[in-house]
Amino acid sequence: MKLLEIKDLHANIGDKEILKGVNLTINAGEVHAVMGPNGSGKSTLSAVLTGSPAYTVTSGEVIFNGKNLLEMPPEDRAREGIFLSFQYPVEIPGVSMVNFMRTAVNEKRKYQGLDPMSASDFLKLMRERKELVELDNKLANRSVNEGFSGGEKKRNEIFQMAMLEPKLSILDETDSGLDIDALRIVAKGVNHLRNAENASIVITHYQRLLDYIVPDVVHVLYKGRIVKTAGKELALTLEEKGYDWIKKELGDL
Amino acid sequence: MEEKKENNIVDKVTKEEYKYGFVTDVESDTIPKGLNEDIIRMISKKKNEPDWLLSFRLKAFAHWQTLEMPHWAHLDIPPIDYQDIYYYSAPKPKSAQKDANGVDPELNKTFDKLGIPLQERAQLSGMAVDAVMDSVSVKTTFKESLAELGIIFCSISSAVRDYPDLVRKYLGSVVPYTDNFFAALNSAVFSDGSFVYIPKGVRCPMELSSYFRINAAKTGQFERTLIVADDDSYVSYLEGCTAPMRDEAQLHAAIVEMVVHDRAEIKYSTVQNWYPGDKNGKGGIYNCVTKRALCKGDDSKVSWTQVETGSAITWKYPSCILKGDNSVGEFYSVAVTNNYQQADTGTKMIHLGRNTKSRIVSKGISAGHSQNSYRGEVRVVPNAVNARNFSQCDSLLLGDKCGAHTFPYIQVDNDTSRVEHEATTSKVDEDQIFYCNQRGISSEDAVGLIVNGYAKEVINKLPMEFAVEAQKLLSVSLENSVG
């Protein structure tokens, strides 16, 4: 079943075109890795899919779960089940994690026509999901990402993903800045949440993360287009040889 | 695109209804418009006041006539025609009909609608209320049960009648009529307000609260509140206020005086929600208020907490005179301005005694075309050895058409004291909004979350019921004001 279909997507930041015709289809149950040299448009792709106001889509189409994604405001995309694990999670001083997550969970439920979750059910869910990424108990009372270490911020992203149970999660360089233990915890969380109904896009520079989160498909994004798609072995080849051989194939070197 | 989004958002904010803007249909007992000695005599007569009070009023009026309206604040105040204001207006019952509590049913309905039930049974437990409409107190609840502890909680008019010695002793002792233009005006024409006296050693078992409502058109409200905490006593006092939506501006010039004796403590909290005017800045309340506490006794303590969201113009500096040794003054403030609102607010901490301490936490939030200023003075006299002050003034901007200003004045005249001042200015970050959006939270709700987070340190100082109200108020006042 097709969960996400991106057709000839073009997007700008200001006057500069970053995505120059991206085509990508993701089926439920799949994990897709997106790799590529710096500046190739990987983070732009995640920002455009989630509706960041910093980018303008100039042409193309994105169908998510049968709906036209690009017509929706960012909050509705999230409520439809798109989740971004941010590369740089934002701090929101004074807003406690419990308050933040409760608002997010209940907004989604409202969108789905469900009643808000009771306080006790919510706290129970929060306790359970927190354990998945081994976040400590004080988390609930701390402000969103404020004073979190780099590793805690990334684990907190996966915790939020576990709370919101998205259909499509996009992990934008979730491995950057993580030590090996934190990487394992994050990967364990992601794998735990993986099932036949959902899918993930894993954006990364390194094969290392893909040892833990094994992709079904690996894409190379280069100069705003997907230039190569293959199985998980492609990541190993890239780790070994870098990107020059692809650039050569494209006649860029 | 960004510009457009911001405009949409500003448009939406300004459409936010002021939900207290209704008018109660009661007849009023109003004296003629304008201000002169005869008017003052008339007010005094209406209230059956003793001669000393009339002569206090007349002296204040004579002094007021020598004064000019102050223009040092960062405010653009349109000229006020003081002869075009009604200085006394009392709601007049339609019939002789009164309920079991002795309140006109129409007024009962009004206060119910405002969420201030005047029946003691229906009240929030642990809170006594003095409800004031226009120039008179409508009802004071729990008066009798408080009296059993020796606590006096009543309207200032009845205090003048029933406790003349106490009122005479303290009235004008902290804010003399010569203090400033609006204080002189208030002293001349003040109508009603609350009086509180907590006797020695008594901890007031419930929150005391005054609710001020302006109802009649073209009427000024000049209330006067006097709170005295005797040795070793404690009281927490709350003040709330609203007014109907009217096209013309209305003046509110109040005085709050507090006297705190040895080891006593007063907590004074305000949620100010006067009508702020419409989206073009038409109408609204001019809120020009003098509030001051005298920490007279050793080890006494005062804390002012204010959440200011209403009024077209706010001119207000709740202050502490720290006279007693080891006395403590605190000021916690959140001031929100939107559309064309203007606020110039802050505090004064005057350190006179030894080892006196003060703490100032001010959070300004500006949106729309508003101007929001913090103005604060910290003064330490030569004798105030080992005085300490810490001030923190933060400003948060939403959009790029508003202004935030900070005017701190610091004067320290000894070398054993320590004064610290920190200030920050920030904008609500688009990345923060997007982060919330990505979690399914709309931009309006995100601003509400972020602003409440920013103001939390102050909101937390409010009593529980008020804190919840204040949080809602902050979100409503600023809904959707950022792109």
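The values are calculated or read from the model by the stated rules, or taken from the named source; none is laboratory data. Quantities reported herein were computed from a predicted structural model and do not represent experimental measurements. We place every Cβ from the backbone using ideal geometry, glycine too, and count neighbours over all the protein chains shown. Accessible surface is based on the protein model in full, side chains and every heavy atom, while ligands, DNA and RNA are left aside. Shrake-Rupley method; radii C 1.70, N 1.55, O 1.52, S 1.80 Å.
Structure above, values below:
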read-out	value
Criterion (open to solvent by less than 20 Å² (accessible area, probe 1.4 Å) and more than 17 Å from the chain's Cα centre (by Cα)) met by exactly one of B:214, B:151	B:151
Members of the stretch B:193-207 that are open to solvent by less than 10 Å² (accessible area, probe 1.4 Å) and part of a strand (DSSP E or B)	B:194, B:195, B:196, B:198
Test: residue in the stretch A:109-125 that is assigned to a helix (DSSP H, G or I), buried (at least 18 other Cβ atoms within 10 Å of the Cβ) and within 14 Å of another protein chain (Cβ to nearest Cβ)	no
Residue list for the stretch A:126-156, restricted to those being touching a residue at least 40 places away in the same chain (Cβ under 8 Å), assigned to a helix (DSSP H, G or I) and open to solvent by 30 Å² or more (accessible area, probe 1.4 Å)	A:141, A:153
Leading residue by the ranking (farthest from the other protein chains (Cβ to nearest Cβ)) among those in the stretch A:37-46 that are of a type in the set (Gly, Ala, Ser) and open to solvent by 10 Å² or more (accessible area, probe 1.4 Å)	A:39
Scan of the stretch B:349-380 for residues that are over 18 Å from residue B:420 (Cα atoms) and at pLDDT 95 or above, ordered by number	B:353
Members of the stretch B:244-289 that are open to solvent by 10 Å² or more (accessible area, probe 1.4 Å) and β-branched (Val, Ile, Thr)	B:271
Top-ranked residue of the stretch A:57-108 - restricted to ones that are in a strand (DSSP E or B) and within 7 Å of chain B (Cβ to nearest Cβ), ranked as most open to solvent (accessible area, probe 1.4 Å)	A:93
Only listed residue being outside any strand (DSSP E or B), within 27 Å of the chain's Cα centre (by Cα) and either of a type in the set (Ser, Thr, Tyr) or within 14 Å of residue B:335 (Cα to Cα) (or both), chosen from B:455, B:467, B:404	B:455
Checking residue B:410 against (1) open to solvent by less than 60 Å² (accessible area, probe 1.4 Å); (2) touching a strand residue (DSSP E or B) at 6+ places or on another chain (Cβ under 6 Å); (3) not hydroxyl-bearing (Ser, Thr, Tyr), the condition it does not meet	(1)
Any hit, the stretch B:364-385, residues being within 14 Å of another protein chain (Cβ to nearest Cβ), surrounded by fewer than 24 Cβ atoms within 10 Å (Cβ to Cβ), under 30 Å from residue A:47 (Cβ atoms) and not basic (Lys, Arg)	no
Members of the stretch B:376-401 that are farther than 14 Å from residue B:355 by Cα and either of a type in the set (Phe, Trp, Tyr) or over 24 Å from the mean Cα position of the chain (by Cα) (or both)	B:398, B:399, B:400, B:401
Matching option when the condition is within 14 Å of chain A (Cβ to nearest Cβ) and more than 27 Å from the chain's Cα centre (by Cα), among B:415, B:431	B:431
Test: residue B:393 is in contact with a Gly (Cβ under 8 Å, 6 or more places away or on another chain), open to solvent by less than 20 Å² (accessible area, probe 1.4 Å), outside any loop (DSSP other than H, G, I, E, B) and among the hydrophobic types (A, V, I, L, M, F, W, C)	yes
The stretch B:418-428, residues that are within 14 Å of another protein chain (Cβ to nearest Cβ) and either open to solvent by 60 Å² or more (accessible area, probe 1.4 Å) or without any contact (Cβ under 8 Å) to a residue 40 or more places away in the chain (or both)	B:424, B:426, B:427
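For every residue, the table says whether it meets (1) free of Cβ contacts under 8 Å to residues at least 40 places away in the same chain; (2) surrounded by 17 or more Cβ atoms within 10 Å (Cβ to Cβ); (3) assigned to a loop (DSSP other than H, G, I, E, B).
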residue: B:18; (1), (2), (3): no, yes, yes
residue: B:22; (1), (2), (3): no, no, yes
residue: B:28; (1), (2), (3): no, yes, no
residue: B:41; (1), (2), (3): yes, no, no
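For every residue, the table says whether it meets (1) part of a helix (DSSP H, G or I); (2) open to solvent by 40 Å² or more (accessible area, probe 1.4 Å); (3) under 30 Å from residue B:436 (Cβ atoms).
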site	(1), (2), (3)
A:174	no, no, yes
A:178	no, no, yes
A:187	yes, no, yes
A:191	yes, yes, yes
A:197	no, yes, yes
A:202	no, no, yes
A:211	yes, yes, no
A:214	no, yes, no
A:221	no, no, yes
